Amino acid sequence: MKKLVSLVAAIVFLPGATLAAGALDQWGQWRGPLGNGVAPHGRPPVEWNEGRNIRWKVAIRGQGHSTPIVWGDRIFLTTAIPSGEALPPRHEHAPGAHDNRPASSEYEFVVLALSRRDGKTLWERTVRTERPHESTHESGSWASASAVTDGEVLIASFGSRGVYGLDLSGHLLWQTDVGDMQILHGHGEGSSPALHGDTVVVNWDHQGESFVIALDKRTGQPRWKVGRDEGTSWSSPLIVEHDGKAQVIVAATHRVRAYDLATGAVIWECAGLSGNVVASPVAGDGLVYVTNSYETRELMAIRLEGAQGDITGTDHVVWTRHRHTPYVPSPLLYGGKLYFLKHYQGYLTCVDAKTGDPLFGPQRLPGIQNVYASLVGAADRVYIVSRNGTTVVIKHGATYELLARNQLDDSFSASPAIVGGELYLRGEQYLYCIAQTPAD
């Protein structure tokens, strides 16, 4: 298996739904308030480096590829911190485990809150300490799932180490142990929970008995659980509203399925993706977009109106694409345009979201190498962050226009967050707050 990071998880609010007052000014999950990667009120800088437009940067203990989420004056992160003495590596039985990193110690699984003003830690909560039962990919982490909040409850998932509900002051409200995943090749976990209303949804696709489960956000108690005929996927649930009903869309190898949020009943399903689905869906204007690029390259635009039962090969699949589709980073849906990278490489394509007609690309991005972070957009700009510390900023539009190429002294796998005039980048070592600062 090629380099795979288990960080690509989507925790989304509802495209087309009425958001809570002020929610458009928050970043309550890794794809922004609309679930498509856009900060509608964001206005972050175009240019920066280690000496310019860095309001603050703080070291984060341990490691995690989860995206920082922001609500009010606080930033929430998860991390996994080695604890205790080093232990002999466990033998990895899974094929393809040669590019894995074994769990050679116990880890503290930590949720923490930082101040937006200066990056200082406001509170830190260790929810579990144990040695992971499986490895992770050499480029992955044991804290890859992003947290999600609606301003009332903070949900943090460490997968096989449990799902946790906290208040925004860090008090533990509940914890739920869903089980132990058996991940393909031992490459690590990455799917994050979705939150809507009083319901948390967790996708549990692995090499054992796969399922999707809905939990009560206040108690962690199960509301429903539905088995799935799927192997490992790293894609996360997307919740959308259509015709007044919320549905949970989960992309995977055998089928993309939509479940009724209230009951767990399957509303529609569609074949077409291949193995190792990592990128998460995005949705808008009555269409949902699903994609992958491992065994084959696939991107499908699916119309929600009237979708019932098996819609494979029907006109509900409005358009498809079989070249230059993404593997790890999820696409960006912005102003009627769909932006995506080729596999996880620095080649950008933009298409008309309604028709699939190409607008530009694949366009080689300067300085961009491997990309695990999903694309984000704000202020008519698109931000693309590479693992080598380079971020390119391009103009949002039907033609390619490079605005800036920026470099920092860290490696970035987590997806960015944008709130107001601030861009938050979580690296292997530091969390950066990038904001306009006075010129010297």
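The values are calculated or read from the model by the stated rules, or taken from the named source; none is laboratory data. Computed from a predicted model, the values in this text were never measured in an experiment. FYI the Cβ positions are ideal-geometry reconstructions off the backbone, even for glycines, and counts take in every protein chain you see.
So how many residues does the range 275-321 have that are outside any loop (DSSP other than H, G, I, E, B), surrounded by 22 or more Cβ atoms within 10 Å (Cβ to Cβ) and among the hydroxyl-bearing types (Ser, Thr, Tyr)?
Final tally of qualifying residues: 3.
Regarding the range 238-260, can at least one residue be identified that is under 23 Å from Arg297 (Cα atoms) and either among the charged types (D, E, K, R) or in contact with a helix residue (DSSP H, G or I) (Cβ under 6 Å, 6 or more places away or on another chain) (or both)?
Among the residues of the range 238-260, at least one is under 23 Å from Arg297 (Cα atoms) and either among the charged types (D, E, K, R) or in contact with a helix residue (DSSP H, G or I) (Cβ under 6 Å, 6 or more places away or on another chain) (or both), which makes the answer yes.
Which of (1) among the acidic types (Asp, Glu); (2) surrounded by fewer than 18 Cβ atoms within 10 Å (Cβ to Cβ); (3) within 23 Å of the chain's Cα centre (by Cα) does Glu230 not meet, given it meets every other one?
(2)
Can you pull out every residue in the range 386-395 that is under 19 Å from Ser66 (Cβ atoms), of a type outside the set (Val, Ile, Thr) and either part of a strand (DSSP E or B) or at pLDDT below 95 (or both)?
Hits for the range 386-395: nothing passes.
Could you grab me the full set of residues in the range 191-205 that are under 17 Å from the mean Cα position of the chain (by Cα) and in a strand (DSSP E or B)?
Residues satisfying the conditions are Ala194, Leu195, His196, Val200, Val201, Val202, Asn203, Trp204.
Only one of (1) of a type outside the set (Gly, Ala, Ser); (2) closer than 21 Å to Phe76 by Cβ; (3) out of contact with any Leu (no Cβ under 7 Å at 6 or more places or on another chain) is not met by Leu168, so which one is it?
Leu168 satisfies all of (1) of a type outside the set (Gly, Ala, Ser); (2) closer than 21 Å to Phe76 by Cβ; (3) out of contact with any Leu (no Cβ under 7 Å at 6 or more places or on another chain) except (3).
Is it the case, given these coordinates, that Gly272 is part of a loop (DSSP other than H, G, I, E, B) and farther than 27 Å from Cys350 by Cβ?
When the stated conditions are applied, Gly272 does not pass them.
Scan the range 330-385 for residues that are within 21 Å of Trp319 (Cβ to Cβ), among the hydrophobic types (A, V, I, L, M, F, W, C) and part of a strand (DSSP E or B) and jot them down.
Across the range 330-385, the qualifying residues are Leu332, Leu333, Leu338, Phe340, Leu341, Leu348, Cys350, Val351, Leu359, Phe360.
Which one of these does Ile155 not meet: (1) surrounded by fewer than 20 Cβ atoms within 10 Å (Cβ to Cβ); (2) in a strand (DSSP E or B)?
So Ile155 meets the others, but not (1).
Quick check on my filter: what residues within the range 82-104 are farther than 19 Å from Ser139 by Cβ and either modelled with pLDDT of 95 or more or not basic (Lys, Arg) (or both)?
Ser83, Gly84, Glu85, Ala86, Leu87, Pro88, His91, His93
Does the range 324-352 hold any residues that are surrounded by fewer than 24 Cβ atoms within 10 Å (Cβ to Cβ), of a type in the set (Gly, Ala, Ser) and within 29 Å of Glu305 (Cβ to Cβ), and which are they?
Gly335, Gly336
Just to check your reading of the model, which residue among Gly170, Gly208, Gly179 is in contact (Cβ under 8 Å) with a residue 40 or more places away in the chain, outside any strand (DSSP E or B) and either touching a His at 6+ places or on another chain (Cβ under 6 Å) or surrounded by fewer than 19 Cβ atoms within 10 Å (Cβ to Cβ) (or both)?
Gly170
Can you run down the residue pairs with Cβ atoms below 6 Å, 6 or more apart or on separate chains, where the first is in the range 28-44 and at negative phi and the partner is of a type in the set (Ser, Thr, Tyr)?
Here the result reads Gly28/Thr149; Trp30/Thr67; Trp30/Ser146; Trp30/Ser415; Val38/Tyr334, each pair linking the range 28-44 to a residue that is of a type in the set (Ser, Thr, Tyr).
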